[in-house]
Amino acid sequence: MKIFYSSLQKKHVIKKEVYNGKAHPYNDKVTRVDSILKAFRHAGNYEIIVPEILPYDAISNVHDEDYLHFLESSQNLKNDEIICPYVFPCDNRISRHEPFIPKRAGYYCFDAGTSLMNNTWSAAVASASTAYAAAIHTKKTGEPTYALCRPPGHHASKNMFGGYCYLNNAAIIAKYLLKSGSVMIVDFDYHHGNGTQSIFYDSSEVFYFSIHAHPLVEYPYFTGFEEEKGIDDGVNYNMNVPLMPLSSPSEYFKALLNGMNKAFQVMEPDYLILSAGFDIEAGDPIGHFNISIADFNRLGREFRAMNKKTIILQEGGYLVSALGGNVESFLSAFH
Ligand code: Q9C
Ligand code: ZN
């Protein structure tokens, strides 16, 4: 199986995140990448391809120009300097002065747990490039592909970063693939993909399906409820399946397959983009669905049986010791 990855993605290094008023170790660790690559090396039957940098248009089709300029400006940070937003313009989102400074960065962000450093932009572009190269390959050959996206993407909206995400990798390739067929994004990350949902909320072009921990009790708290079904042209093209933390794997599979059956009644897509969040894994430090390594193989087989042209994008998954094995177990169902 072909795997897309660039070493630039490892140069985005954030040490801490703010949670509950305290600094904790950042969950999106660089060692996540090593864990996944090691599992591929061990299995042997994966070919790692370094992607070309994607065309700028592919990014600006999804994200606003001013947001992209803001992200790019983070390249000017000094070594060891970070931007960690902490003031957010919530009542009306305006900024009367340039937001390109650390204290006003909250204009382009929705949580205080995600920071920028000088390599964030190049890593995020490299991450999106892996997704783009995977999409090109699947489009050309019909083969399933996997992009080792890190940083992840599904929390990033057209003009905000958060949840360790800066560019929405799934949305970027969805827009590209739409030129040659219909697209469904299935997001099984532990957290609701608020960014992806918002990007396609008023559109019937891309169906967004997400199964995740209930926002009553889990991040991102404000979106991911069942009643969010889309607006305007997008009505019925958004489907959320929230489950309480500690739901069992059998409840998980039941809810997933039942939900996807309903989604396929609305759209039988040519392309399936999987926002593959492995923070549903047993023992994940921030996810509580207890999906075992064997369950991940079953999950892969269920998606493979759907018989669509499939692009698999890495999202979350933070138990570094288990992550690689779980990703490989899932992918092995596709070959
Ligand atoms: N105490 C993704 O999985 N909040 N993002 C964590 C931990 C942020 C997760 C709180 C969770 C974001 C791509
Ligand atoms: Zn997640």
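No lab work stands behind these numbers, since they all come straight from the coordinates. Treat the numbers as computed from the prediction; the structure is a model and nothing was measured. Note: ideal-geometry Cβ built from the backbone for every residue, glycine included; neighbour counts use all protein chains shown.
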Report task. Taking 7 Å along the Cα-to-C-beta vector as the label spot, tell me the Lys158-Asn258 distance in nanometres, rounded to one decimal. Result -> 3.5 nm
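Note down the relative contact order for region 1-75 as a percent, whole number, built from C-alpha pairs under 8 angstrom at least six residues apart. Provide the component values of the computation, followed by the final result.
Values: 44 pairs, mean separation 28.1, N = 75.
Rounded, it is 37 percent for region 1-75.
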Query raised in the report: Once the dipole of region 227-285 is set up with Lys and Arg at +1 and Asp and Glu at -1 on Cβ about the Cα centre, which of Ser250, Asn238, Ala276 lies farthest towards its positive end?
Result: Ser250
Query raised in the report: Between Met239 and residues 5 or more places away or on another chain, which pairs have amide H atoms under 5 Å apart, with H built 1.01 Å from N, and which residues are they?
Result: Tyr208, Phe209, Ser210
Report task. Over all directions, average the projected area of the Cα convex hull of region 15-107 and note it in nm². Result -> 9.5 nm²
Query - region 2-332, dipole about Cα centre (Lys/Arg Cβ +1, Asp/Glu Cβ -1), debye to the nearest 20 - result: 780 debye
Query raised in the report: Ranked from highest to lowest mean number of other Cβ atoms within 10 Å per residue, what is the order of the peptides 256-269, 154-167, 60-73?
Result: 154-167, 60-73, 256-269
Query raised in the report: Given a Förster radius of 51 Å and the C-beta distance between Ser248 and Asn76 as r, what FRET efficiency does 1/(1 + (r/R0)^6) yield to the nearest 0.05?
Result: 0.55
Query raised in the report: What is the projected area of the convex hull of the Cα atoms of region 208-285, averaged over all directions, in nm²?
Result: 5.8 nm²
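Calculate, for Arg93 and Asp270, the FRET efficiency according to 1/(1 + (r/R0)^6) with r their C-beta to C-beta distance and R0 51 Å; round to the nearest 0.05.
E between Arg93 and Asp270, to the nearest 0.05, is 0.90.
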Query raised in the report: Cα to Cα, under 16 Å, and not fewer than 8 places away if on the same chain: which aspartates and glutamates meet these conditions relative to Lys229?
Result: Asp187, Asp202, Glu205
**Report entry** Size of charge dipole - region 96-197 - debye, nearest 20, with Cβ of Lys, Arg +1 and Asp, Glu -1, no other charges
**Finding:** 320 debye
Query raised in the report: How high is the relative contact order of region 2-332, in percent, with contacts defined as C-alpha pairs under 8 Å that are six or more residues apart?
Result: 19 percent
Query raised in the report: Across all directions of projection, what mean area in square nanometres is found for the Cα convex hull of the chain?
Result: 15.5 nm²
**Report entry** Long-range HN-HN contacts of Ser182 with modeled amide H, under 5 Å
**Finding:** Asp270, Tyr271
